[in-house]
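Asks: Got a structure for you, questions after.
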2 protein chains.
Amino acid sequence: MKKTLCLLAAAGGLSLSAAPAYAQFNKPEDAIHYRQSAMFIMGNQMGRINAQLKASSPNIQVIQSSAALAEVMSKLPFEAFVPGTETGGTPPTKAKPELFKDTDKVKNLAEKMQTEVAKLNVVAKGGDVAAIKAQFGDVGKSCKACHDDYRNKE
Amino acid sequence: MKKTLCLLAAAGGLSLSAAPAYAQFNKPEDAIHYRQSAMFIMGNQMGRINAQLKASSPNIQVIQSSAALAEVMSKLPFEAFVPGTETGGTPPTKAKPELFKDTDKVKNLAEKMQTEVAKLNVVAKGGDVAAIKAQFGDVGKSCKACHDDYRNKE
């Protein structure tokens, strides 16, 4: 039997982006998978940028492509941190219980990250490696700020 | 000990998109997670479009947003179907062994899907629900064509 979760009513709890309130996930595991997927792709793209920034001749096109994709991804995860998705998932969610309680603080952290990633995309288009490195660092800090408090290590 | 997979040398095997050959994954599981993530987000967006198309008053903006995101996602998975990633993953990959052998056929199926999803994005912008429904059906066929032969059901 298919377990259906109506997240419509719950979506007001942690609306961290411009995502539509009628966004739907068929079951809690789908919401967890969705946010994990967006986070993973974003992290992968950040890794690609990092690799280029460490290279002797950074490939600016790779950096630009990954920064653009990271910005798209940055907007996705937060509509999926909804009540009923505190545990579960394959692999299990690393979200700490506090994430679902400190909604204002998490909202601010998420928006800060989204702002920094958007800036990275702008700076990447400029092609100045030193400026990209600096902004990449700021993005990293904005990720860490949330992960430190709201994501379990393992 | 961290197991590192150099996919650089292997990337020529199944290069199904314009993805850079220097795309990197730290380990096979990361490649599997990457393609699963992109597929899942794409499927979720297709579900959102489908829900709107079934609604009495489809929300065109939701359809347009999801179609745009689906197009971005459609370009991601295929660089990650590389040798060494035939098994493994959490959850385990559903890719059939044949996917890694029938490279030309899979490449054609992937490109067909990407073309149909790109068309959906164009048609969605036009706002004609009947046209969107028709193209949505064509996208579904292009997904099914590959899944039937190359994805395990469970």
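Just so it is clear, none of the values below were taken in a lab; they were calculated from the coordinates. All values reported here derive from a predicted model rather than from experimental measurement. FYI the Cβ positions are ideal-geometry reconstructions off the backbone, even for glycines, and counts take in every protein chain you see.
Asks: Only one residue in B:V106, B:V139, B:V123 is surrounded by 14 or more Cβ atoms within 10 Å (Cβ to Cβ) and more than 17 Å from the chain's Cα centre (by Cα), so which one is that?
Replies: Working: B:V106 fails: more than 17 Å from the chain's Cα centre (by Cα); B:V139 fails: more than 17 Å from the chain's Cα centre (by Cα).
Result of the check over B:V106, B:V139, B:V123: B:V123.
Asks: Report yes if A:P97 is on the phi < 0 side of the Ramachandran plot and over 13 Å from the mean Cα position of the chain (by Cα), otherwise no.
Replies: Here the answer is yes, as A:P97 does meet what is asked.
Asks: Let me ask you something else. If I filter segment B:94-104 for residues that are in contact with a helix residue (DSSP H, G or I) (Cβ under 9 Å, 6 or more places away or on another chain) and within 14 Å of chain A (Cβ to nearest Cβ), do I get at least one hit?
Replies: The first filter runs over segment B:94-104 and keeps only residues in contact with a helix residue (DSSP H, G or I) (Cβ under 9 Å, 6 or more places away or on another chain), leaving B:94-96, B:98-100, B:102.
Checking the rest, the ones that are also within 14 Å of chain A (Cβ to nearest Cβ) come to B:94.
Yes, there is a match, as at least one residue in segment B:94-104 is in contact with a helix residue (DSSP H, G or I) (Cβ under 9 Å, 6 or more places away or on another chain) and within 14 Å of chain A (Cβ to nearest Cβ).
Asks: Given the condition assigned to a helix (DSSP H, G or I) and away from every other protein chain (no Cβ under 13 Å), answer yes or no: does some residue in segment A:48-61 qualify?
Replies: yes
Asks: Note down all Cβ pairs under 6 Å where the first residue falls in segment B:122-144 and is at positive phi, the second is surrounded by 14 or more Cβ atoms within 10 Å (Cβ to Cβ), and they're at least six residues apart or on different chains.
Replies: Pairs found: B:G127/B:I60.
Asks: Can I ask one more? When the residues of segment A:62-76 are filtered to those that are facing another protein chain (nearest Cβ under 10 Å) and either over 30 Å from B:R48 (Cα atoms) or of a type outside the set (G, A, S) (or both), which remaining residue is surrounded by the most Cβ atoms within 10 Å (Cβ to Cβ)?
Replies: It comes out as A:M73.
Asks: Anything in segment A:22-76 that is within 17 Å of the chain's Cα centre (by Cα) and acidic (D, E)? List them, or say none.
Replies: Within segment A:22-76, A:D30, A:E71 meet the criteria.
Asks: Do any residues in segment A:49-60 that are closer than 19 Å to A:G140 by Cα have Cβ atoms under 6 Å from those of residues that are β-branched (V, I, T), where the two are at least six apart or on different chains, and which pairs are they?
Replies: Partner pairs satisfying both residue conditions: A:I49/A:I63; A:Q52/A:V62; A:Q52/A:I63; A:P58/A:V129.
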